[in-house]
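Structure, as structure tokens:
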Amino acid sequence: MPLPFKSLRQLWGEPLMAPGTTAPEGFASVSTDSRGALAGALFVPLVGERFDGHRFLAGALSAGAAATLVQKDRLDGDGVTQLLATGGRPIWLVDDTLVAYQELALLWRRRLELPVVAVTGSAGKTTTRELIKAALASLGPVVASSGNENNDVGAPLTLLKANEATAALVVEMGMRGLGEIDRLSRCAEPDVAVITNIGTAHIGRLGSREAIGQAKCEITAGLGPDGVLVIPAGDPLLELSLAKVWGGRVVRVALEDELAGFPAGIPAPDLVGRLEGPRLHLVGGPSLGLPLEGRHNARNLLLAVAVAQDLGVPATALVDLAVELPGGRSRRWRLGGVDLLDETYNASPEAVLAALDLLAATGTETGGRRYAVLGTMLELGERSLELHAQVAARARALGLDGLLIVAAEAEAQAMEAAGAGLPRLQRVASPEAAAGVLLGWLQPGDRVLLKASRGVAMERVIPLLQAALAPTA
């Protein structure tokens, strides 16, 4: 990634340089990690609540960094002078190294001149991101966010991973409050933006679904006038939130059996799919294989198809997509004849309800029983008890054979009360205890769902089941 020296001068002016120092022509890379490959790199020392990259400035320069940024409030004049003397490399003084990092990412994004897709939503962001990545694969190499690269640091990191060979970029955008997605969108300047849904994740921080809708619609902040927004059709709150900030093109998608329930005055969908078993038939188009189980993933696939079509991908390239999700998302294990649905990475009420629907709708051909192991859903604020009760009530309404609860005391009580009447209903204090109970319940042919917020660490159940149940094909 050759970043010319002169481009950075346009961003931040002339750097400080020791007498006799020769400015480099450009930089091979940008790094925020003093432990990484730094030869020829521009080092950006970020500042967080519990870390400060400025502690490693001298080491980064000694390791070969060609220049560095310095946040003005982190080093006094003597410190900067000493750094110039010991490092002998250009130093740019900036007000905020994180803002400067995002400016760099935007500069690089503009130089590459490739399509950028931004994805946000209360649930399904990562799944939709990976579906879009797969749908764009026929264009050439696609760079997408990975892991937790969906925040103020991760989004610019994703942009900076692209190079001249990259055909498209897919950037996931999460948020913990108002304004964050606005910053990320302005950093990425997407050509296509996607909102998967407006749910209740983080409602404890934002206070209402209306505020969540406002936050998610910030993804349009960097969307140019020729850009397009892709959304699920039929959500009045999303439409209302969107009307306040975006007047450009919108592509709406829906499953065919949802059309009858649309509220009056809601715009009709532009792309409709009919779900039939393991395939999604596009109305007026081809039949697509479902790479992931569940109605919610069929809807996510429609979002990805809409993005791909807008970017010129032929329908024939979308018929059978292969998607590999990160661990803890839509992963299936077969253990001793037991079908284990691993959804342990995180949980919002909407995602839990969708996973329960999937559990109830599939695997019935084995004649086995269906169990859900559900843990605390975090950051739900005053609505926490209500929303925990809601998912337990869904488990009961779906006729599941058992619910095992790994939740905080108040939430566990709410779930127990709402799930009363299930054939098996129990709560435990830890994932390890849940594994012990499950081993007493399970037999070949059964199907079990594991889902909770990240803080519960529900994934600890899996190795215990693996050790006790022989894997099968």
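The values are calculated or read from the model by the stated rules, or taken from the named source; none is laboratory data. The structure presented is a predicted model; accordingly, all values stated were derived computationally and were not measured. All Cβ positions, glycine included, derive from the backbone under ideal geometry; neighbour counts span all protein chains shown.
Worth pointing out:
- Residue ID - farthest from residue 285 (Cα to Cα), chosen from residues in the range 317-334 that are surrounded by 12 or more Cβ atoms within 10 Å (Cβ to Cβ) and among the small types (Gly, Ala, Ser): 328
- The helices (runs of 4 or more DSSP H) found entirely in the range 155-235 that carry 3 or more residues being under 26 Å from residue 101 (Cα atoms) and out of contact with any Pro (no Cβ under 9 Å at 6 or more places or on another chain) are 180-188, 209-216.
- Test: residue in the range 45-62 that is touching a residue at least 12 places away in the same chain (Cβ under 8 Å), of a type in the set (Ser, Thr, Tyr), surrounded by fewer than 19 Cβ atoms within 10 Å (Cβ to Cβ) and within 18 Å of residue 101 (Cα to Cα): no
- Once the range 249-293 is narrowed to residues that are part of a loop (DSSP other than H, G, I, E, B) and of a type in the set (Val, Ile, Thr), the residue that is surrounded by the most Cβ atoms within 10 Å (Cβ to Cβ) is 266.
- Test: residue 464 is in contact with a Gly (Cβ under 9 Å, 6 or more places away or on another chain) and in a helix (DSSP H, G or I): yes
- Selected residue (criterion: farthest from residue 328 (Cα to Cα)) from residues of the range 256-279 that are of a type in the set (A, V, I, L, M) and modelled with pLDDT under 95: 264
- Qualifying residues in the range 142-184 (those that are touching an Asp or Glu at 6+ places or on another chain (Cβ under 6 Å) and touching a residue at least 60 places away in the same chain (Cβ under 8 Å)) - the one surrounded by the most Cβ atoms within 10 Å (Cβ to Cβ): 181
- Residue check, residue 129 surrounded by fewer than 24 Cβ atoms within 10 Å (Cβ to Cβ) and basic (Lys, Arg): no
- Residue in the range 336-357 that is modelled with pLDDT of 95 or more and among the hydroxyl-bearing types (Ser, Thr, Tyr) present: no
- Restricting the range 10-22 to residues that are in contact with a strand residue (DSSP E or B) (Cβ under 8 Å, 6 or more places away or on another chain) and under 19 Å from residue 64 (Cα atoms), the residue that is modelled with the lowest pLDDT is 17.
- All helices (runs of 4 or more DSSP H) inside the range 40-150 with 3 or more residues being within 20 Å of residue 161 (Cβ to Cβ) and in contact with a helix residue (DSSP H, G or I) (Cβ under 6 Å, 6 or more places away or on another chain): 97-112, 125-135
- Filter result for residue 283 (β-branched (Val, Ile, Thr), in the same structural domain as residue 171 (by TED's automatic domain parsing), at pLDDT 95 or above and in contact with a helix residue (DSSP H, G or I) (Cβ under 7 Å, 6 or more places away or on another chain)): no
- Some residue of the range 189-211 being of a type in the set (Ser, Thr, Tyr) and free of Cβ contacts under 8 Å to residues at least 12 places away in the same chain: yes
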